[in-house]
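The values are calculated or read from the model by the stated rules, or taken from the named source; none is laboratory data. What you see is a predicted model, and the numbers here were worked out from it, not measured in a lab. When we count neighbours, we look across all protein chains shown, and the Cβ atoms used for this are built from the backbone with ideal geometry, even at glycine. Each accessible area value is taken on the protein alone, full model and side chains, heavy atoms only, with ligands, DNA and RNA left out. Shrake-Rupley method; radii C 1.70, N 1.55, O 1.52, S 1.80 Å.
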Amino acid sequence: TLIGRHPFDGATVVNLSPAVADELGIDTFVRPGVMVTGLKQGFAQNVGLRRGDIIRAVNGVTIANVRDLAAALTAQPRAWQVTIERNGQQVTATFRA
């Protein structure tokens with residue numbers, strides 16, 4: 001679970017790999033990313049993140065694994081630009097911390 005004041009507060013995330021994609025029943029594994037596997041009370045739930053969302057970019061930085069996401073979260077900007085993939089569609093939104 002990622003803790004702090006950012007759009008992923010309260011989200012549990014894992015590296016998306018062929019094994020995880022298979023375990024979660026995702027038909028095709030296209031490229032690495034970070035998938036939301038759970039949500040607790042927190043900013044992530046409030047901004048509408050859902051289980052199964054794949055985090056693709058944060059503030060213009062491509063997210064390929066949990067380490068990339070953790071590094072992006074150290075910035076603490078006033079606004080977060082987040083690109084997620086949901087049901088094969090990419091969506092970009094901006095959130096204020």
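Of note:
- Some residue of the stretch 25-43 being surrounded by fewer than 15 Cβ atoms within 10 Å (Cβ to Cβ), at pLDDT below 85 and touching a helix residue (DSSP H, G or I) at 6+ places or on another chain (Cβ under 6 Å): yes
- Selection status of Val20, of a type outside the set (Ser, Thr, Tyr) and part of a strand (DSSP E or B): no
- Taking the stretch 62-82 as the range and being closer than 17 Å to Asn15 by Cβ and in contact (Cβ under 8 Å) with a residue 24 or more places away in the chain as the test, the residues that pass are Ile63, Ala64, Asn65, Val66, Asp68, Leu69, Ala70, Leu73.
- Across the stretch 51-97, the qualifying residues are those that are within 17 Å of Ala21 (Cβ to Cβ) and in a loop (DSSP other than H, G, I, E, B), and the one among them that is most open to solvent (accessible area, probe 1.4 Å) is Arg51.
- Selection from the stretch 6-35 of residues that are more than 16 Å from Trp80 (Cα to Cα) and touching a residue at least 40 places away in the same chain (Cβ under 8 Å): Val13, Val14, Asn15, Gly33
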